[in-house]
2 protein chains.
Amino acid sequence: MQGINATGMEQLSTVAEVSKRTLYTHFPSKDGLVEAYLQSLKDDLLPVLPSPAQPTPSPREQLLAVFDWKLPETTAPFRGCPFLNVSVEVPDPGHSAHQLAAAYKREFARRLTDIARQAGVADPENLGEQLALLFDGAAARGTALNSSDTGVCARSIAESLVDAALTDVGPASP
Amino acid sequence: MQGINATGMEQLSTVAEVSKRTLYTHFPSKDGLVEAYLQSLKDDLLPVLPSPAQPTPSPREQLLAVFDWKLPETTAPFRGCPFLNVSVEVPDPGHSAHQLAAAYKREFARRLTDIARQAGVADPENLGEQLALLFDGAAARGTALNSSDTGVCARSIAESLVDAALTDVGPASP
DNA sequence: GCCTATGTAAAACGATCGGTATCCTTAAGG
DNA sequence: CCTTAAGGATACCGATCGTTTTACATAGGC
């Protein structure tokens, strides 16, 4: 990726192997296409809430999993979180793409909060927000430094926060 | 601010009350102007290292001060850290503006590391990197959510990290 | 008074981009 | 075979942007 503003419709139609005309029959405008793209990303990237009928890992693993990034083995520079990037590339808070990014970030924290709450953490909102902030820090710093190593730094902090919150509950909660 | 890409030279010359021609006699290009702007920001925003001949606050205060943001009382939306924004708006890792932002971010962490080292922290590099990551998280998340409240969340995490690192040293170190 | 230098205002240029229209090929259905 | 609908390639349009150039104003040195 190279940023939204630097990506033209011409280029998109080329790599999609679709004419620009067909592109504009499927999407009303570039803004609409960006929104659809972000919506699809949303479903792919949001942390999955624990489902009752699944081999669920421990809450600790669930909360820390967001810091284990599986990178595509490309030569492209590391670009962090697409939603953070959108909120920078589209500064207008009233723009739909910016609002969509904000909604994603809120939902992201909410899911972490839900996992924490189900695990019996005392202040799940606080832990969820803290972990989300750590994630965003790792993503943003990774973008600036062109490195994904920031994830392990964030994870180490997250481990101490999660462990502290979970030991307050007691290792064997009802 | 509204982002680098969205700010034209026309607008700059207008608010600077200077003709576009004079602008181009002082700066070789828009890239050059952006570089100069970032350089000036660098000197203003980097955490100040403790100087021997100053009424120095405690190391704890110094390390946590970066999370106390003094906001101009404008109606403009909160835009986080300009250097993080640049690294997103100029995705090319080879571009001078991108590299300047990366250099700032490294220097930022290095200064925190220096303060931690002078305070006798066991692993100052780790603490400096952790605090820098927290700062970037607060800035990035603040940009996405259009709020500066993320600073207090980051500061609370930072307090626990700093306090843990300083109590390992012992409250009364030699 | 005149020359030069410097700056302003504004036009103009080339490039790029989002978006639309035009022309052509292709393939299915009768 | 003919019609028709859909899509591909591409030219085009208007706008914007970075940059340069042109024309004009102003002020100091001789």
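The values are calculated or read from the model by the stated rules, or taken from the named source; none is laboratory data. Here the structure is a predicted model, which means the values were calculated and not measured. Cβ: placed from backbone, ideal geometry, glycine included. Neighbour counts: every protein chain shown. With ligands, DNA and RNA removed, areas are computed over all heavy atoms of the protein, side chains included. Shrake-Rupley method; radii C 1.70, N 1.55, O 1.52, S 1.80 Å.
Summary of values
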{"read-out": "Calculated FRET efficiency for the pair B:Thr7/B:Ser40, C-beta based, R₀ 22 Å, to 0.05", "value": "0.90"}
{"read-out": "Heavy-atom accessible surface of chain A: percent carbon and sulfur, 1.4 Å", "value": "56 percent"}
{"read-out": "Partner chain coverage, peptide B:144-155 - average Cβ within 10 angstrom", "value": "4"}
{"read-out": "Copies compared at A:Pro93 - label distances in nm, ascending, label defined 7 Å from Cα in the Cβ direction", "value": "3.4"}
{"read-out": "Sparse-neighbour loop sites [trypsin sites (Lys or Arg not before Pro); the range A:32-131; at most 12 other C-beta within 10 Å; DSSP]", "value": "A:Lys70"}
{"read-out": "Loop chymotrypsin sites (Phe, Trp or Tyr not before Pro), the range B:82-142 (other Cβ atoms within 10 Å of the site Cβ: 15 or fewer; DSSP)", "value": "none"}
{"read-out": "Probe 1.4 Å, all protein chains present, accessible-area order of B:Thr22, B:Thr113, largest first", "value": "B:Thr22, B:Thr113"}
{"read-out": "Isotropic mean projected area of the C-alpha convex hull, the range A:38-106 (nm²)", "value": "6.2 nm²"}
{"read-out": "Eligible lysines near A:Lys30 by straight Cα distance, threshold 20 Å, same-chain separation 8 or greater", "value": "A:Lys20, A:Lys42"}
{"read-out": "Accessible area buried at the B-A interface, both sides summed, 1.4 Å probe (Å², nearest 100)", "value": "3000 Å²"}
{"read-out": "Solvent exposure ordering (accessible area, 1.4 Å, most first) of B:Thr150, A:Thr74", "value": "A:Thr74, B:Thr150"}
{"read-out": "For B:Glu73, inter-copy label distances in nm, listed shortest first [label point 7 Å out on the Cα-Cβ vector]", "value": "5.8"}
{"read-out": "Shielding score for B:40-50, defined as the mean number of other chain Cβ atoms within 10 Å", "value": "0"}
{"read-out": "Principal-axis tilt of helix B:124-145 within chain B, Cα atoms, nearest 10 degrees", "value": "50 degrees"}
{"read-out": "Charge dipole magnitude, Cβ of K and R +1, D and E -1 - the range B:9-169, Cα centre, debye nearest 20", "value": "280 debye"}
{"read-out": "Pair B:Ser29, A:Ala76: separation of 7 Å Cα→Cβ label points (nm)", "value": "2.5 nm"}
{"read-out": "Most to least accessible of B:Asp31, A:Asp44 (protein chains only, probe 1.4 Å)", "value": "A:Asp44, B:Asp31"}
{"read-out": "MRE, 222 nm, helices only [DSSP H, n ≥ 4, -39500 (n - 2.57), over chain A, to nearest 500]", "value": "-20500 deg cm²/dmol"}
{"read-out": "Normalised convex hull volume, chain A, alpha-carbon set, Å³ per residue", "value": "140 Å³"}
{"read-out": "Exposure of B:Met1 as accessible area (Å², to 10), given a probe of 1.4 Å and all protein chains", "value": "120 Å²"}
{"read-out": "Accessible area per residue, Å², the protein assembly as shown with all protein chains present, probe 1.4 Å", "value": "50 Å²"}
{"read-out": "Cα shape, the protein assembly as shown, gyration tensor, a/c 1.5 rule", "value": "oblate"}
{"read-out": "Over chain A, relative contact order from alpha-carbon pairs under 8 Å, at least 6 apart, %", "value": "24 percent"}
{"read-out": "Cα gyration tensor of the range A:70-126 - equivalent ellipsoid semi-axes, whole Å, descending", "value": "27, 19, 7"}
{"read-out": "Nm distances between copies for B:Lys20, ranked from closest, using label points 7 Å along Cα→Cβ", "value": "2.5"}
